[in-house]
Every structure is written in structure tokens, then in C-alpha cells.
């Protein structure tokens, strides 16, 4: 773009300091909030009242803060379910299916054992069993897509999305209309977990928080420092080069989808069996599955960094809850919360450009300024 | 640095003091270039000398940090190739940029500034035909591009540039994908354009014979600087090499006195399918001892790729067997072969042998991530890998700003030295080198060949796959011309003369495969 004697161009940044990543993220958040002011203004609501409602509920209200924490743990698991295959260049788009599978497998443990056994066995053992079952089921569903991808080159995006649908209806079969997991009252939801099987709480937060944060801390060094992480990244950058270097595509696709699926399974375990006040598969379980899609966007915004994903996940979790709260509190139109998150995604994606490119002002040399004729000289 | 020739007309294109910096690299340093109307001007230089950057500046793809351009006597500033085209400069890139499912005519018309909205192919056809006839263009306009040979495709690109009104044509390494007869046709055609139509041609190359046979004038670049400007008539190949490299280069060739060791590799009736499912390798047998080089000579596409991949474990053998050190390895994975001491230098340097977005250390790791010496309980030994990288960079004379530079910033020659250094650092007992010097400059070529001979002297068996007959004949103990997936013969170096091997590469004199 030309502006008088100066020229404005987009240039790739030679170096990418972490400071820039943080700065562009902050700018993206502020922009999204600025844009969403229009939403509140159109509903004739004071912007500051609206934002106060959003943030005070999400982060400064004891009830809302706990909800934010619970949702953040869930979203972190979903983020890693997408992030691990993403580093290998594979897209675990249909991760909600793995979330449902995790939830179902968790509840299958007390169901299969039966009430007498559940009472007889130590609850800690049962809780561990439920988690292992949830992670295994998620991994099995993910691994299926991984095998199809590696062995037959079937697109993992299609497979996971279709599995998603299959398992969604499997859950419906299990918990509704006389399904095996249906609650005694028959209200279209699963039986509630017996109290001893409720996940232990630390300061009101289920212990799954430790697992999620542990993964946040451990995944980055896994990719950066270990041979497995190297293989995953190499495969993600260039499958042909990875194969040349002795990496086995079949094993690698399987590993990342098993790992990703296990994270998604844990997300299912967390929301249905560890969040206080839930402890069942509710009739609107599809809402939590859809929530899992935010994990995809969080992983993409974090550019594959597990630790970098934490603040983004907390922000998404908080804003989704806070905006929903503000919507009810201030009688805003339906969908304001989704619109806010949507705007946030758009500004984050747009900020990628600012992260990788910079605007450059250049003085145009005077001799180049006069307009040069576009015609060829005639010989 | 003023040009030597006087009494010439005004230059049609003049670049003055062009300087371009990339992060960590001074790509062009105060470069002047004068191109006169109606000449073929060769820009000669090794890989990484700055030729491509200079041409990208002339074509508006890259903006210089300093310096000015004059075209047809007017000072200009290009912000995009579109600007360059409106000033009559056209470029034919090293890699073809044509839509292969479209016809020649459609490709020529595609993207023309005048084509907006409705495409009037009939009117365009008459116009292109007239233009084609004027320039002696013989390719059928209705043919689909995928049906054309590489040489014909190049002519389509040239006509496409002319159709856009180019009076100055930049050709970047135009001969790299052509067969020798196609090269002859191209050069003759270019001379016709220059003589008959007053087109000016800038020919970017590192091939001396091309410069000597086709150009009128030559500018030699070295490390981003112009080292000399000459009339081609006043130059010799020796002088040009000297300027291009900065010193004299001698190619080493095989030392025949070296005793050879015990049999190491035996391939028996190897066959393999290509990616299209056709039998591309059709029963190849040979045996190789330690310290021997088998040169497989052939024009690309005769099964060499498949042979190299089958031996490296990247492609399953359809039939036949490979024995290495007495063991059958036909079904082993690439990883198992690396671990047994089989090294592979693929022809695709940037797609297969390296990862562009990875640092040099990470690229070295590509052959070491499985090595117990560089991993402890699954964790990579970063310090050890950095030391190893440093050793390889200095031993193989790789010019790189830093070992954490991304591989994409290395020039072709430096990347190949890095890859070869990495593979040889594993001390392979059997080395597969596929087109190891293809597209490299004189100096890197000499270095790579010397490294292969060093590996041979250290007792490695080498399978050298090359299109360059001189290379094969100077390095090999055994020569196997390959044609349509079969060896014409396996000749000892004494029996292998250029005529016999050349004829077998072209498919004549075939007697059926013969073991050694």
C-alpha cells in the first residue's frame, strides 16, 4: 500500500520471540471484546455492565470460578486430544466421539461389576479402574481412526467425525428409553454414581485437575526432548522424510491417536464422573461433546504448545460460562455467548498473520516515485 | 567494478548496486548487471552465489534492499512480477508452472491480464498461433500439457512469456530437466529468438558447456558478488571455472590400486512396482564387495528410483531377494537397514532427505533418533547431537550461519553436503547414493565425489545412481547401464567405455543382464 512518500508492506518476521506471541494474543482478546461490544450495544445494554457480568461470574464469583475450573479441565483434555495428533500432522476432528466413549466406559465399570461388588471393593481402586477404562475406550476409538489412516490412507477427519455420530447415538441408546444405563427414574439420563465413586476433591476441585496440569507440563518437553516427540514432529512436518529416517508411519499414527483418544476419554470421565453435582451422563450430553470442539480451536491457537494452551483454555472456559451467565442475568438475546466466542476465534486466527508478519514502513526512493508508464517502448 | 567492453549500445536492462540481505546471509552485495539488446547473457555461478535472488529481483518477486533497476533506459521499481511483465520482462522458472490437465493454449492464455471474465479462446488461438508461427513454435496448441515432453513444456512457458509481451526473457537453469537433444533444440531456438526477433535472453546456469555454446556475454557471480564480466568469445571453460570457484578444482577419480574386500551385498532378480503400479524394476541382479563402487548409469525414469528405494527398504520388492553380509534383508524395514549399516542418500534432498522447517541439528537427528548412543531412556541427547552437527558442518564444509538455522535456508549444495555428511557419519557399510551431485555446482560436486571415494576407501560398498556418465566412469569399479528396469550388463570399469555405456543407457546393444 502506498501512502504518499511512504510504503506500507507486510513482511515475514525473521525471528519470532515468545513476547510477540503473548502480545498478539492479548491484542486478539482485546479486539474480540471490542467487537462484541456491538452485540451488547445492539441489545441496549451498558457495555461495562455486560463485561462486568461476564468476568465477575467467570473469574471472581466462587460458584462461577469453580465452574470455570471444571470446564477448563475438560477443555484441557480435549485440547490435548487434538494437539497430540496435530503435532504429527493428523486431525482428530471428531474427538467428541472419544469423549462419549470415555464417559460410557467409565460408567460401565460399576455397571458391569454390579452393586454388591462395588460396595465390596475399595473405592479408590474402582475410581482408578473407571479412569483407565475411560482412557482405554477413548484410545480405542481414536486408535481405530489411526489404524485406518496408516494402513489404508482413509482420511482421519472423516473417520473420526463418523465415529462421533455412531457413539453419540450409542450413548443415547445406553441412557435413554430403557437402555442399560438408564436411571431408575427414567428421565433420559444415566444412573447416578454411588457416592464412594465420586472422584476425590482437593479444595473443591476434582483430582483430574492434577492430570490435566501434569499433561500441560509434560507434553511440551515430550515433543521437544524425547525421541518419540521428535518422531511425531518429523512425521508432522514431512511423512516422506520421516519414513526415510526409519520412522514407521503405521506405529506413529497409531501412537498419536491412542494418546489423543486417551485424553479425550479422560475428558469424558472428568465431566460425567468427577464434576461435583453431575456424577451421571446427563440427557444433554451432546452439549459437552460440542464443547469439546473448543479444544480444537485452543490447540490451534496455542500453536501446538501444551503449556501455552492453558491460559487460552481458561479464557475460553471462563468466557463461555460468563457470557452464558450474563445472557441470563441481563436478559440478552439467545446466542450472545456463542457470538462472543466466535469473535474471539476470528481475532485469534487473524492474529496469526500479525504474529508471523509485520507491517513495515519504507520511504520510497524519490527516483521511483514518479509514475512509470506501463507501456512498452515501440521499436 | 565497471564493465570491460566499450563501444556497446545502451544496455536494455541495467541493475546498479543491487544489495539484498536475508536473515544471516548477504545474498547480493553491490551487484551490477548490464544486459544489451539482442544478446544471450549468461549469469554463471555456483549454488548459493545469488543467481536466483538476482533474477527474482529482476522479475519483481523480491525487492532489493539497495540499488536501482533500469529497463529500456527508464528507472523502474518492481513490486510484483506483474510490474516486471508490463515492462517487458518474462521469466521461465526452473520448475514448470503449468496446469498439466489443460491444453497448451489454455495454459498460455491462463492468467493473462487481458483475460477478465469471459475467455475467448478462439480469438486467443489465432493470436497465439500467429505469435507461434513468428517464433517458429512447433508444439500443438490443442495438446494437453501432460502429454508433452519436458522440452516442449519449456517452449510453452517461453511462448507464454512472449504472449504477455516479454522482450527480455529470464530462463532459470533451463536445461536441468532436459535430455541432451532437448538442450540442443532449446539453445538453437533461443538463438533464433535473439537473432530473428530481437528478444534478449538472460540465461541463469551453472553449466559451463551451456554458457560456452550459447551465450554472447557472461557475468560470473560468486558469494553474492560479481567477480567478472566477459565476452564468451574471450572466455574458456578453465577461466570461467576459476572465477566461479575462486580457485582451480580437480575432480578425483577412483584409485584402481585399492584392493577390494569380501562380498557384502547380493541382489538377485530384484523387481518392483512404481507408484502407478507398473513394473518399473524388472529383474536386476548384481553383487558388490566391500570397497567397490557400482555405478548405475541411466536416464531418470528407468527404474533407478525403484532400485534405490527397494535397497533402502522404502519400497517392497515385488520379487527377488537382497542378501547383505550373508543375511536375507529383502523384507527388513528402513530402520532395521539403518541399524545394520545401510545408508541412503535419496535424490529428493528437500522432500525426503531433509525437513525444511527443522534446524540443522534436528535434520541430523533424522538418522540418529534411534541410535542408543544419542538417546537415554527415550530422551534425546541434545548436547551430543549438537556436537555431532558441529563436527559434520566442519568436516563436510557446510556453510551455514548457525547449527539451529532451518534447513530451508541452506543452498542446494550445502544441504546435500549436510545430508551426505549425516549419512556418512553413520559409517555405512553399504551406501546408496542417488543423483548425489545433481544440480550441484562444480565445487560441491567435487566435494561430494571425493566423499564417496573416501567412503569407498574406508571399506564401504557404494551403489552410485547417476545420469552423469562422466561421474559414473570416474568413480565406479563396475558400471551397470540401466534401461527400462533392466541392467544392460554389469561391466568392469575396463570394459566400460562411454560409447558402450551410452548406447546401453539409450536401450541399444542390450544383451540381457549378466552377473559379474
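Among the listed residues A:11, A:44, which satisfies the condition of being more than 20 Å from residue A:216 (Cα to Cα), modelled with pLDDT under 90 and either in a helix (DSSP H, G or I) or touching a strand residue (DSSP E or B) at 6+ places or on another chain (Cβ under 7 Å) (or both)?
Answer to the check: A:11.
Residues in segment B:64-85 that are without any contact (Cβ under 8 Å) to a residue 24 or more places away in the chain and either facing chain A (nearest Cβ under 9 Å) or surrounded by fewer than 19 Cβ atoms within 10 Å (Cβ to Cβ) (or both) were compared, and the one that is nearest to residue A:9 (Cα to Cα) is B:79. Identify all residues within segment A:205-224 that are within 14 Å of another protein chain (Cβ to nearest Cβ) and either out of contact with any helix residue (DSSP H, G or I) (no Cβ under 7 Å at 6 or more places or on another chain) or not in a helix (DSSP H, G or I) (or both); write none if there are none. Matches in segment A:205-224: A:218, A:221, A:224.
Among B:390, B:416, B:408, B:403, which is the only one that is outside the structural domain of residue B:325 (by TED's automatic domain parsing), within 30 Å of residue B:23 (Cβ to Cβ) and touching a residue at least 60 places away in the same chain (Cβ under 8 Å)? That would be B:416, the only listed residue that is outside the structural domain of residue B:325 (by TED's automatic domain parsing), within 30 Å of residue B:23 (Cβ to Cβ) and touching a residue at least 60 places away in the same chain (Cβ under 8 Å).
Within the group B:196, B:132, B:142, which residue is modelled with pLDDT of 80 or more, over 27 Å from the mean Cα position of the chain (by Cα), loosely packed, with under 13 Cβ neighbours inside 10 Å and closer than 20 Å to residue B:98 by Cα? Residue meeting the stated conditions: B:142. For segment A:154-200, filtering for residues that are over 25 Å from the mean Cα position of the chain (by Cα) and either in a helix (DSSP H, G or I) or under 19 Å from residue A:78 (Cβ atoms) (or both) leaves 6.
Scanning segment B:1-26 for residues that are modelled with pLDDT of 85 or more and either within 14 Å of residue B:217 (Cβ to Cβ) or surrounded by 20 or more Cβ atoms within 10 Å (Cβ to Cβ) (or both) turns up B:11, B:12, B:13, B:14, B:15, B:18, B:20. Could we say that residue B:104 is buried (at least 16 other Cβ atoms within 10 Å of the Cβ), under 28 Å from residue B:188 (Cβ atoms) and without any contact (Cβ under 8 Å) to a residue 40 or more places away in the chain here? So residue B:104 fails the test. When residue B:462 is tested against (1) under 24 Å from residue B:337 (Cβ atoms); (2) out of contact with any helix residue (DSSP H, G or I) (no Cβ under 9 Å at 6 or more places or on another chain), just one condition goes unmet, and that condition is (2). Could you grab me the full set of residues in segment B:147-189 that are within 14 Å of chain A (Cβ to nearest Cβ) and part of a loop (DSSP other than H, G, I, E, B)? The answer is B:164, B:165, B:166, B:167. If the condition is being within 21 Å of the chain's Cα centre (by Cα) and assigned to a strand (DSSP E or B), then segment B:220-248 contributes B:220, B:221, B:222. Checked against the criterion of being outside any helix (DSSP H, G or I), within 14 Å of chain B (Cβ to nearest Cβ) and touching a helix residue (DSSP H, G or I) at 6+ places or on another chain (Cβ under 8 Å), segment A:227-245 contains one or more residues that satisfy it. Annotation: of all residues in segment A:312-348 being assigned to a helix (DSSP H, G or I) and without any contact (Cβ under 8 Å) to a residue 24 or more places away in the chain, the one that is farthest from residue A:80 (Cα to Cα) is A:328.
Within segment B:341-361, the residues that satisfy the criterion of being touching a strand residue (DSSP E or B) at 6+ places or on another chain (Cβ under 9 Å) and in contact (Cβ under 8 Å) with a residue 60 or more places away in the chain are B:341, B:342, B:343, B:344, B:345, B:346, B:347, B:353.
Are any of the residues in segment B:375-387 within 14 Å of another protein chain (Cβ to nearest Cβ), outside any strand (DSSP E or B) and within 30 Å of residue B:243 (Cβ to Cβ)? For segment B:375-387, residues within 14 Å of another protein chain (Cβ to nearest Cβ), outside any strand (DSSP E or B) and within 30 Å of residue B:243 (Cβ to Cβ): absent.
Candidates are the residues of segment B:87-101 that are closer than 16 Å to residue B:159 by Cα and surrounded by 19 or more Cβ atoms within 10 Å (Cβ to Cβ); the one that is farthest from the other protein chains (Cβ to nearest Cβ) is B:98. Among the residues of this structure, residue B:440 counts as one that is crowded, with 24+ Cβ neighbours inside 10 Å, within 19 Å of the chain's Cα centre (by Cα) and part of a loop (DSSP other than H, G, I, E, B). Within segment B:287-308, can one find any residue that is within 14 Å of chain A (Cβ to nearest Cβ) and at pLDDT 95 or above? Taking every residue of segment B:287-308 in turn, at least one turns out to be within 14 Å of chain A (Cβ to nearest Cβ) and at pLDDT 95 or above.
Residues in segment A:82-122 that are within 20 Å of residue A:207 (Cα to Cα) and surrounded by fewer than 17 Cβ atoms within 10 Å (Cβ to Cβ): A:122 alone.
Within the bounds of segment A:246-257, is there any residue that is touching a strand residue (DSSP E or B) at 6+ places or on another chain (Cβ under 9 Å), at the interface with another protein chain (Cβ under 7 Å from one of its Cβ atoms) and buried (at least 19 other Cβ atoms within 10 Å of the Cβ)?
Taking every residue of segment A:246-257 in turn, none turns out to be touching a strand residue (DSSP E or B) at 6+ places or on another chain (Cβ under 9 Å), at the interface with another protein chain (Cβ under 7 Å from one of its Cβ atoms) and buried (at least 19 other Cβ atoms within 10 Å of the Cβ).
Of everything listed in (1) at pLDDT 90 or above; (2) assigned to a helix (DSSP H, G or I), the single unmet condition for residue B:202 is (2).
The values are calculated or read from the model by the stated rules, or taken from the named source; none is laboratory data. Predicted model only: the values in this text are computed from it and were never measured. Positions of Cβ are backbone-derived with ideal geometry, glycine not excepted, and every protein chain shown enters the neighbour counts.
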